[in-house]
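Asks: Dropping the structure in here first, questions after.
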Amino acid sequence: MENKLSDDHARRVREMFARISPRYDLLNHLLSANIDRRWRRAVVEKLRSWLPANALVLDIACGTGDLSIEIFENFEAKVIGVDFCRPMLELAARKTDRLDLVEGDALRLPFVDDTFDGVTIGFGLRNVSSIEDGLSELRRVLRPNGWAAILEFSEPVAPGLRALVAVYYARLLPWIGGFLSGSRAAYTYLPDSISRFPNQQTLASMMRNAGFEEVSFQNLTAGVAALHVGRK
Ligand SMILES: C[S@@+](CC[C@H](N)C(=O)[O-])C[C@H]1O[C@@H](n2cnc3c(N)ncnc32)[C@H](O)[C@@H]1O
């Protein structure tokens, strides 16, 4: 029964991203006023301190590849992007031929244990049917002492900003996103999934429970997003 529910969830998410894929990048940059680029660069800055030369990095839920590209443009790293939505991967493939793209599920990664020096996931963990399972699968493929970086929407730290962002999510986002992508449902799902996602402290403790060490997080844009890191 549980398997069926998570399969249904995965199918719905995959179909939703397939539908909005042609407009995904445009909407990302537009709806975040380009701040999403700065958030992905924050991941790169964090990786700088711990990624070895010629590192092997896995970018889970890579979508159209923006975070993966940001990583290999900044490091001597081999980056593999994995995503379960083929139309998103096709768009990533059009942007670069330096990225190895693999069609696969974040909850059943097609890699053996202890493989990657670093694993990233940008705006992907919120979409998996079980965050706990996503974290443990992510950790499984990380080599011992390797680092994970999780970029995700989070809880704005100032009450005023929190209220403002809530209005933006509830009123503007479904309307603009729906109009430009043709899928209002996708841009209603976005704020819903953000509101269900654990806040900074809860995600940090879920990472600890999944076995990560030296877990910490950094708020981005006053907590609108957050970058969590942890070591295996
Ligand atoms: C919001 S997009 C993020 C894409 C990219 N990381 C970025 O920063 O723009 C979420 C991506 O997660 C993928 N995704 C969601 N659930 C997944 C799962 N269980 N396995 C693999 N990919 C998944 C979707 O197909 C989509 O491409």
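The values are calculated or read from the model by the stated rules, or taken from the named source; none is laboratory data. This one's a predicted model, so the numbers in the text were calculated from it and none came from an experiment. Heavy atoms of the whole protein, side chains included, go into the accessibility calculation; ligands, DNA and RNA do not. Shrake-Rupley method; radii C 1.70, N 1.55, O 1.52, S 1.80 Å.
Asks: Calculate how many DSSP beta bridges within the chain are antiparallel, expressed in % of all such bridges and rounded to the nearest 5.
Replies: Close to 40 percent.
Asks: Sticking with this structure for a sec: Could you tell me the center-to-center distance, by alpha carbons, between region 13-33 and region 42-119 in angstrom?
Replies: 19 Å
Asks: Sum -39500 (n - 2.57) across every DSSP H segment of at least 4 residues in the chain, then divide by the residue count to get the 222 nm mean residue ellipticity, nearest 500.
Replies: For the chain, the value works out to -15500 deg cm²/dmol.
Asks: What lysines sit close enough to Lys232 to cross-link, taking a C-alpha to C-alpha distance under 18 Å and skipping anything fewer than 8 places away on the same chain?
Replies: Lys46
Asks: Given a 1.4 Å probe and every protein chain left where it sits, what share in percent of the accessible area of region 1-84 is carbon and sulfur? Walk me through the numbers on the way to the answer.
Replies: Numbers: 2130 of 4240 Å².
That fraction is 50 percent.
Asks: Using a Cα-Cα cut-off of under 23 Å, which lysines could be cross-linked to Lys95, ignoring same-chain neighbours fewer than 8 residues away?
Replies: Lys78
Asks: Using DSSP, restrict attention to beta bridges with both residues in region 37-134 and report what percent are antiparallel, rounded to the nearest 5.
Replies: 5 percent
Asks: Leaving ligands, DNA and RNA out of it, rank Arg171, Arg37, Arg108, Arg184 by accessible area with a 1.4 Å probe, largest first.
Replies: Arg171, Arg108, Arg184, Arg37
Asks: Calculate, for the chain, the solvent-accessible area per residue in square angstrom, rolling a 1.4 angstrom probe over the heavy atoms of the protein chains.
Replies: Accessible area per residue, the chain: 48 Å².
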